[in-house]
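Notes follow once the structure below has been shown.
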Amino acid sequence: IRCWSNIPFITMPLSRAHGKSFAHRSELKHAKRIVVKLGSAVVTRGDECGLALGRLASIVEQVSMLQNQGREMMIVTSGAVAFGKQRLRHEILLSQSVRQALHSGQSQLKDMAIPVLEARACAAAGQSGLMALYEAMFTQYSICAAQILVTNLDFHDEQKRRNLNGTLHELLRMNIVPIINTNDAVVPPPEPNSDLQGVNVISVKDNDSLAARLAVEMKTDLLIVLSDVEGLFDSPPGSDDAKLIDIFYPGDQQSVTFGTKSRVGMGGMEAKVKAALWALQGGTSVVIANGTHPKISGHVITDIVEGKKVGTFFSEVKPAGPTVEQQGEMARAGGRTLAALQPEQRAEIIYRLADLLTDQREEILLANKKDLEDAENKGRLALPLLKRLSLSTSKLNSLAIGLRQIAASSQDSVGRVIRRTRVAKDLDLEQVTVPIGVLLVIFESRPDCLPQVSALAIASGNGLLLKGGKEAAYSNQILHHLTQEALSIHGVKDAVQLVNTREEVEDLCRLDKLIDLIIPRGSSQLVRNIQKAAKGIPVMGHSEGICHVYVDTDASVEKVTRIIRDSKCEYPAACNALETLLIHRDLLRTPLFDQIIDMLRVEQVKIHAGPKFASYLTFSPSEVKSLRTEYGDLECCIEVVDSVQEAVEHIHKYGSSHTDVIITENEKTAEFFLQHVDSACVFWNASTRFSDGYRFGLGAEVGISTSRIHARGPVGIEGLLTTKWLLRGDNHVVSDFSEHGSMKYLHESLPLPQRNTN
């Protein structure tokens, strides 16, 4: 047990044989021994005189947290020169009769000349203060720190090298954080040509090379190099076309242009890359990241160790396929080509995919069988999720029918004129439908989702990135292969991409330059996580499907049990299944109520009593823990209400704005319910299970949206389109429409072109 911020917790079991660097970011969480290199730009203030105390405190907090998890942390730090410069300037000002200047006014103080300070003297004056600051900060987390000053000779003299190695190992054994710096008070100026000299030798001429040498010497798992840039770019940061390189491989140096070095410190990005590659050769993984950005510096180190997509990761293993960034660009380009096709061509692709689903039925079911066997052997999926994972001949036939509906209804989806206005003479304005751009659809345990979503993206001319759950890997792979085969008939194979890399969902949600809309399909927890992680990208969907059925006093006996049974028992894992049954108080202890309870018992539905329902019973079922629960199984809550008005209020308070139903023969009561319930789907005398794109005649859906912006309810082709404005003029300028101009606005509505209804 360790303590951090006075909270005890169990340390992580960490072990790894050193000798080979990690191949993927996701493996960084297994790093046991970590070196954090703090560049001068990270440690010092913007005026290069004094330390950035807030950033330093945040870094110490993160290092302490990792140390208290059982990792062995080391820090290679800059900052002694800057701290010393601050102290020496203060001393020089005082020695130049500043005391007198303080009495006579601040203007004289500002005008006093300060000589150029020699770096070694600054380092000598700053080392003790810098270390005292580190000690004070680490003490807050009950961690001891120790200072070690080194020079190049300490690595080249065998005895000194062994002594340094032994000292560091002993400190780590005692759970002490070593803080290492070059001894700038005595170190000679760096030689211009003394750089990397093979695998076994690196000259310590700055803290980048020191950190690399130390990392290899101590057989560390991970070296984190923090600077004032986000990482490594394919061209100088700040230039228009500069792109952050997510993963850098040995041999990629030719594709990189290095900019100038940071505002302070000895090394530039080129020095960092050379040091990083040297450490990588020695078996240490490396990440170069920004330690100064105010939005991420408070968690940059922990994010890197957790495997999140931060900075540039150096890897010796090059993936066989494209990166997710490249896939995003391919989907963008492919989507634009897809949108430019004739409607008949897009429909032809979807018809072909529908045929492939039935023609290749045996191969699809064989792949799905592998997924099911893996899931059952590992025991990682609950029964409702196993049902979602399972494909069958009937499911594939239904999919094919749905896809053909999409193809038939997509003839005029893209480029349809929805408004025409004559702004002025010979100046006509049109509003037309266009694709949203690139969609990212993330789905769990639902391989049938892949062809549905692909068909909708094709029909609407959108590029598509698909991220499926690993539990459906085999099924997704063959379904994506068939999708690309169908796309190939018109040369747009790249428009639909399946993300097979190890990218975490949170990392995908940060690709705001590549993705225009995220659509999650899965558990409420998945949707909430994506909504939280998505920064700058809209998310379409619903986090929960808490659907209600209200049984009114005027309900038909014949209809009630049929609708409730279908809503709850037909597919209890679906998001449109009944979760809460609201019963009018006057129906308690009536034959209708008894029929409802008997039917639920026969169907083996576990009943949870709401607070009011429980109060009416002597012996009641288990009282519900929360009225806002999505069971996703053969379970439901029963609650009592006094009126349709109270039913509406209950739904607004505890519902999720998904689908809600009233069962009644009173038309006035039904209309009140339909008009007042603020949900995406509101039904009268019909099962909640009708809330579905296929059943609505949309062919399929990418999901059900409960948001109030853009699409709502089952989202088909229309929900994947946006609009743009086309203005056709003839030498028109705004100044002609001024008070004394020659033109006048007409703003006349024009008839729309005839829609193709075939």
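The values are calculated or read from the model by the stated rules, or taken from the named source; none is laboratory data. All values reported here derive from a predicted model rather than from experimental measurement. Positions of Cβ are generated from backbone atoms using ideal geometry, with glycine treated the same way; all protein chains shown enter the neighbour counts. With ligands, DNA and RNA removed, areas are computed over all heavy atoms of the protein, side chains included. Shrake-Rupley method; radii C 1.70, N 1.55, O 1.52, S 1.80 Å.
In segment 628-639, the condition of being modelled with pLDDT of 95 or more, crowded, with 16+ Cβ neighbours inside 10 Å and in a helix (DSSP H, G or I) is met by no residue.
Among residues of segment 284-302 that are over 20 Å from residue 69 (Cα atoms) and without any contact (Cβ under 8 Å) to a residue 60 or more places away in the chain, those with a Cβ under 8 angstrom from a residue that is open to solvent by 10 Å² or more (accessible area, probe 1.4 Å) and part of a helix (DSSP H, G or I), sequence gap 6+ or separate chain, pair up as 296/303.
Within segment 272-309, restricting attention to residues that are modelled with pLDDT of 80 or more, farther than 15 Å from residue 21 by Cβ and among the small types (Gly, Ala, Ser), which residue is surrounded by the most Cβ atoms within 10 Å (Cβ to Cβ)? The residue in question is 291.
When we screen 575, 509, 569 for residues that are surrounded by 17 or more Cβ atoms within 10 Å (Cβ to Cβ) and either small (Gly, Ala, Ser) or over 28 Å from residue 653 (Cα atoms) (or both), the only hit is 509. Among the residues making up segment 305-320, those that are under 12 Å from residue 507 (Cβ atoms) and among the charged types (D, E, K, R) are 306, 308, 309.
Residue-level check: of (1) under 19 Å from the mean Cα position of the chain (by Cα); (2) closer than 22 Å to residue 714 by Cα, residue 497 misses just (2).
I'm checking my understanding of the structure. Among residues of segment 346-382 that are in a helix (DSSP H, G or I) and among the polar types (S, T, N, Q), which one is least open to solvent (accessible area, probe 1.4 Å)?
Of all residues in segment 346-382, those in a helix (DSSP H, G or I) come to 346-359, 361-378.
Remaining after also requiring among the polar types (S, T, N, Q): 358, 368, 377.
On the way: 358: 32, 368: 3, 377: 130 Å².
Filtering segment 346-382 for residues that are in a helix (DSSP H, G or I) and among the polar types (S, T, N, Q), the one least open to solvent (accessible area, probe 1.4 Å) comes out as 368.
Please verify whether residue 541 is open to solvent by less than 60 Å² (accessible area, probe 1.4 Å), in the same structural domain as residue 398 (by the TED database), over 25 Å from residue 317 (Cα atoms) and among the small types (Gly, Ala, Ser), treating the condition exactly as stated. Judged against the criteria, residue 541 is not a match. Evaluated against (1) among the β-branched types (Val, Ile, Thr); (2) modelled with pLDDT under 95; (3) surrounded by fewer than 18 Cβ atoms within 10 Å (Cβ to Cβ), residue 489 falls short on exactly one condition, (2). Sub-6 Å Cβ pairs linking a first residue in segment 512-531 that is in contact (Cβ under 8 Å) with a residue 12 or more places away in the chain and over 17 Å from residue 705 (Cβ atoms) to a second residue that is in a loop (DSSP other than H, G, I, E, B) and open to solvent by 30 Å² or more (accessible area, probe 1.4 Å), at least 6 apart or interchain, are 512/536, ordered by first then second residue. Looking only at residues of segment 698-717 that are surrounded by fewer than 23 Cβ atoms within 10 Å (Cβ to Cβ) and among the hydrophobic types (A, V, I, L, M, F, W, C), we find that the one that is nearest to residue 457 (Cα to Cα) is 698. Within segment 577-601, restricting attention to residues that are closer than 16 Å to residue 641 by Cα and assigned to a loop (DSSP other than H, G, I, E, B), the residue that is modelled with the lowest pLDDT is 589. For beta carbons closer than 6 Å, sequence separation of 6+ or different chains, a first residue in segment 699-711 that is touching a residue at least 60 places away in the same chain (Cβ under 8 Å) and within 18 Å of residue 443 (Cβ to Cβ) and a second that is among the hydroxyl-bearing types (Ser, Thr, Tyr) and in a strand (DSSP E or B), the qualifying pairs are 711/705. Just one of (1) in contact with a Phe, Trp or Tyr (Cβ under 9 Å, 6 or more places away or on another chain); (2) in a loop (DSSP other than H, G, I, E, B); (3) touching a residue at least 60 places away in the same chain (Cβ under 8 Å) fails for residue 574. It is (1).
Residue by residue through segment 311-330, note down the ones that are under 24 Å from residue 464 (Cα atoms) and in contact with a helix residue (DSSP H, G or I) (Cβ under 6 Å, 6 or more places away or on another chain). Once the filter is applied, which keeps residues that are under 24 Å from residue 464 (Cα atoms) and in contact with a helix residue (DSSP H, G or I) (Cβ under 6 Å, 6 or more places away or on another chain), segment 311-330 yields only 330.
Only one of 467, 559 is touching a strand residue (DSSP E or B) at 6+ places or on another chain (Cβ under 9 Å) and closer than 30 Å to residue 598 by Cα; which?
Details: 467 fails: closer than 30 Å to residue 598 by Cα.
One residue alone meets the criteria, 559.
On the given criteria, is residue 385 assigned to a helix (DSSP H, G or I) and either among the hydroxyl-bearing types (Ser, Thr, Tyr) or modelled with pLDDT of 95 or more (or both)? Show your work before the answer.
Numbers: assigned to a helix (DSSP H, G or I): yes; either among the hydroxyl-bearing types (Ser, Thr, Tyr) or modelled with pLDDT of 95 or more (or both): no.
So residue 385 fails the test.
Taking (1) within 24 Å of residue 520 (Cα to Cα); (2) modelled with pLDDT of 95 or more; (3) open to solvent by 80 Å² or more (accessible area, probe 1.4 Å) in turn, residue 727 satisfies each apart from (1).
Mind telling me which of the residues 416, 446 ends up being of a type in the set (Lys, Arg), at pLDDT below 95, within 21 Å of residue 534 (Cβ to Cβ) and open to solvent by 30 Å² or more (accessible area, probe 1.4 Å)? I'd like the intermediate steps shown before the answer.
Values: 416 fails: within 21 Å of residue 534 (Cβ to Cβ).
The match here is 446.
Within segment 457-468, residues that are assigned by the TED database to the domain that holds residue 483 have Cβ atoms under 7 Å from residues that are open to solvent by 10 Å² or more (accessible area, probe 1.4 Å) and in a loop (DSSP other than H, G, I, E, B) in these pairs: 459/717; 460/414; 460/717; 461/414; 462/436; 462/437; 463/437, counting only partners at least 6 apart in sequence or on another chain. Within segment 120-145, the residues that satisfy the criterion of being of a type in the set (Gly, Ala, Ser) and either part of a loop (DSSP other than H, G, I, E, B) or surrounded by 17 or more Cβ atoms within 10 Å (Cβ to Cβ) (or both) are 123, 124, 125, 126, 142, 145.
Six or more apart or on different chains, Cβ atoms under 6 Å: show the pairs whose first residue is in segment 141-159 and over 14 Å from residue 217 (Cα atoms) and whose second is open to solvent by 70 Å² or more (accessible area, probe 1.4 Å). Every condition considered, the pairs that remain are 145/135. In segment 599-627, of all residues being in contact with a Cys (Cβ under 8 Å, 6 or more places away or on another chain) and among the small types (Gly, Ala, Ser), the one that is surrounded by the fewest Cβ atoms within 10 Å (Cβ to Cβ) corresponds to 609.
Here is a check on your reading of the model: is residue 612 among the basic types (Lys, Arg) and within 38 Å of the chain's Cα centre (by Cα)? Walk me through it before giving the result.
Numbers: among the basic types (Lys, Arg): yes; within 38 Å of the chain's Cα centre (by Cα): no.
No.
Quick check: is even one residue across segment 688-697 open to solvent by 90 Å² or more (accessible area, probe 1.4 Å), among the hydrophobic types (A, V, I, L, M, F, W, C) and modelled with pLDDT of 95 or more? Looking through segment 688-697, at least one residue is open to solvent by 90 Å² or more (accessible area, probe 1.4 Å), among the hydrophobic types (A, V, I, L, M, F, W, C) and modelled with pLDDT of 95 or more.
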